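Novice: Just passing along the structure, written as structure tokens.
Since every read-out is calculated from the coordinates, none of them should be taken as a lab result. All values reported here derive from a predicted model rather than from experimental measurement. All Cβ positions, glycine included, derive from the backbone under ideal geometry; neighbour counts span all protein chains shown.
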Amino acid sequence: MRVILLGPPGAGKGTQAQRLTQKLGIPQVSTGDILRAAVAAGTPLGREAKATMDQGALVPDSVVIGIIRERLAAPDCARGYILDGFPRTAAQAEALGEMLQALGTPLTAVLSLTVDPEELVRRLGGRRTCGSCGAAYHLETAPPRRAGLCDRCGGGLLQRDDDREETIRKRLAVYREQTAPLVAYYRGRGLLREVDGRGDIDAIFTRICRLLGAEG
Ligand code: ADP
Ligand code: ADP
Ligand code: ZN
């Protein structure tokens, strides 16, 4: 199964991708996680990307397309994957389409998660992310069992540098301008499935599984 999770920052892409990974046994491919790992490791890629990410702008298409090209060629992607945070521009979607056509591995579906803008700001403002494994928590709606520590790996929870009020507004504007047009792009290709991203995390997951025919 090859699935794209599309939606604005805070829509719940990472949260749902992680659940899908557990259920389906295929990897979550998050360009944001890959970039943050490069920043933490201080690699040339990370040094180049950090300022852009802190401003809430997009890393150049050529950079993320290169990341995805390499990642999708890894053996663990052979049975499928969940794309989270990629593609984010028309150029990225076109490049992905060409890549998958050359590989003979078409997309299964594009799931568009919809959430009201005020709710997105609330979610991003309270988000805390595991510094080790990238799992997302929320101070109010999805707290960890032990304060400040990841349920999955025990890592310390941090507030991302870009999850601050001003940068949040900027990222939502970037989404509207550059990424939202992909909804129509994939609808035109018959791949789009809309998912109501409001409400309970488990209820949304059930909706997604039903759409993918992965129930039970
Ligand atoms: P969120 O889902 O909260 O917006 P991500 O973790 O997906 O956050 O992305 C964080 C940042 O990483 C983005 O604001 C951007 O700077 C960079 N980034 C991630 N994915 C892409 C992409 N596909 N294209 C360009 N930049 C990206
Ligand atoms: P994205 O990857 O789309 O940016 P995340 O999965 O990181 O979004 O979720 C953003 C924040 O909202 C996190 O703090 C997460 O715990 C929280 N969250 C995710 N889904 C829901 C939901 N259905 N209801 C309330 N909070 C949620
Ligand atoms: Zn963790």
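Novice: Which value results when the Cα radius of gyration for region 85-145 is divided by 2.2 N^0.38 Å?
Specialist: The reported ratio for this selection is 1.57.
Novice: Mind checking the log10 I(q)/I(0) for region 42-121 at q = 0.25 Å⁻¹? Debye, one equal scatterer per Cα, no solvent, two decimals.
Specialist: -1.29
Novice: OK, next. Measure out, as a whole number of angstrom, how far apart the alpha-carbon centroids of region 147-199 and region 1-25 sit.
Specialist: So the two Cα centres are separated by 10 Å.
Novice: If N is the number of residues in region 87-216, what value comes out of its Cα radius of gyration divided by 2.2 N^0.38 Å?
Specialist: So the Cα radius of gyration is 1.21 times the expected 2.2 N^0.38 Å.
Novice: Quick one: putting +1 on the C-beta of Lys and Arg, -1 on the C-beta of Asp and Glu, what dipole do you get for the chain around its Cα centre, in Debye to the nearest 20?
Specialist: The dipole of the chain has a size of about 320 debye.
Novice: Whole Å is fine, so just give me how far the alpha carbon centre of region 37-103 lies from that of region 107-128.
Specialist: Distance between centres, Cα-based: 20 Å.
Novice: Follow-up question, since we're still on this one. If amide hydrogens are placed 1.01 Å from N in the peptide plane, which non-local residues have theirs closer than 5 Å to the one on Gln28?
Specialist: Amide H neighbours of Gln28: Ile82.
Novice: Can you tell me which of Val115, Val63, Val174 moves the most in a GNM of the chain? Springs connect C-alpha atoms under 10 Å apart.
Specialist: Val63
Novice: If you don't mind, another one. Given a cut-off of under 8 Å on Cα pairs at least six residues apart, what relative contact order in percent is computed for region 30-154?
Specialist: 15 percent
Novice: If you average the sequence gap of Cα pairs under 8 Å that are 6 or more apart and divide by the length of region 12-93, what percent do you get for the contact order?
Specialist: Once normalised by length, the contact order is 42 percent.
Novice: Another one. Take Thr21, Thr206, Thr179 and order them by how many other Cβ atoms sit within 10 Å, fewest up front.
Specialist: Ranked by crowding around the Cβ, least crowded first: Thr206, Thr21, Thr179.
Novice: Using only DSSP helix segments of four residues or longer, with each worth -39500 (n - 2.57), what per-residue ellipticity at 222 nm results for the chain after dividing by its residue count and rounding to 500?
Specialist: Helix contribution divided over all residues of the chain: -14000 deg cm²/dmol.
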